[in-house]
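S.K.: This is the structure I want to talk about, given as structure tokens.
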Amino acid sequence: MSDLELMTCTRRSLRLLPAACGRLYISANGKDEPAPWEGRAACRGCAIGARNAGRPVERLAEAAGELQRICTRCHAPAPRQIQGRWCVSCYNRHLEALKGVNAKGGRPQLLDRLHRVRVAAMVDRRRVPAAGPVVDVLEAMIAAARKAKNGAAFGAAPTVAWGRGQQELCL
């Protein structure tokens, strides 16, 4: 057994052979993309898996993979996400804010923090509209960046009157 060197995978919390890690990486980054609840979904964009598979490390895919695993609102690690955006807790608070009443019958505190933001976003060389009611600008940026396959760029959206109505100026 001394010739078998096991490695520890921090993404999946398991020990496995580097060759097995490489096979999981190839499987997860192939044609049939794993569902978010599958274990191999954690292997998407993994730099260690790419090295073990003998493939070039894609830094953009690695960063996108990290963005997929966090809640857009509280920025905490969230392996289970609702609507591909929020952790369970943030989703429940969002529903309370939509109803205007929390479980105790009071006014949700989230209502005081939700607002619309104006962010100029280019995702895969296309304009992306600003997100709906969000807590902060970072939430809108993470939601837009998650859609990127080939990169995203952000800037402040200036308010300029064009023609007859107010419009946002995007990149």
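S.K.: Taking neighbour Cβ counts within 10 Å as the exposure measure, how do His75, His94, His115 sort from fewest upward? Numbers along the way, then the final one.
M.R.: Values: His75 14, His94 20, His115 9.
Going from least to most buried by this count: His115, His75, His94.
S.K.: Based on the Kirkwood radius over alpha-carbon pairs, what value in µm²/s does the Stokes-Einstein equation return for the translational diffusion coefficient of region 1-69 at 25 °C and 0.890 mPa s?
M.R.: On the way: Rh = 12.2 Å.
Estimated via Stokes-Einstein, D reaches 201 µm²/s.
S.K.: Please report, in debye to the nearest 20, how large the charge dipole of region 1-92 is about its Cα centre when each Lys and Arg carries +1 at its beta carbon and each Asp and Glu carries -1 there. Could you put the intermediate results ahead of the total?
M.R.: Numbers: 14 positive and 8 negative charges, 44 e Å.
Using only the charged Cβ atoms, the result is roughly 220 debye.
S.K.: Let me ask something else. Can you put Asp32, Asp124 in order, fewest other beta carbons within 10 Å first?
M.R.: Values: Asp32 7, Asp124 11.
Ordered by Cβ neighbours within 10 Å, fewest first: Asp32, Asp124.
S.K.: Could you please rank Met122, Met141, Met7, placing first whichever residue has the fewest other Cβ atoms within 10 Å of its Cβ? It would help to have the intermediate numbers written out before the result.
M.R.: On the way: Met122 17, Met141 20, Met7 14.
Going from least to most buried by this count: Met7, Met122, Met141.
Quick note: the coordinates plus some simple rules give every number you see, no bench work behind them. None of these values were measured; they are calculated from a predicted model. In this analysis, Cβ positions are derived from the backbone assuming ideal geometry, glycine residues included, and neighbour counts consider all displayed protein chains.
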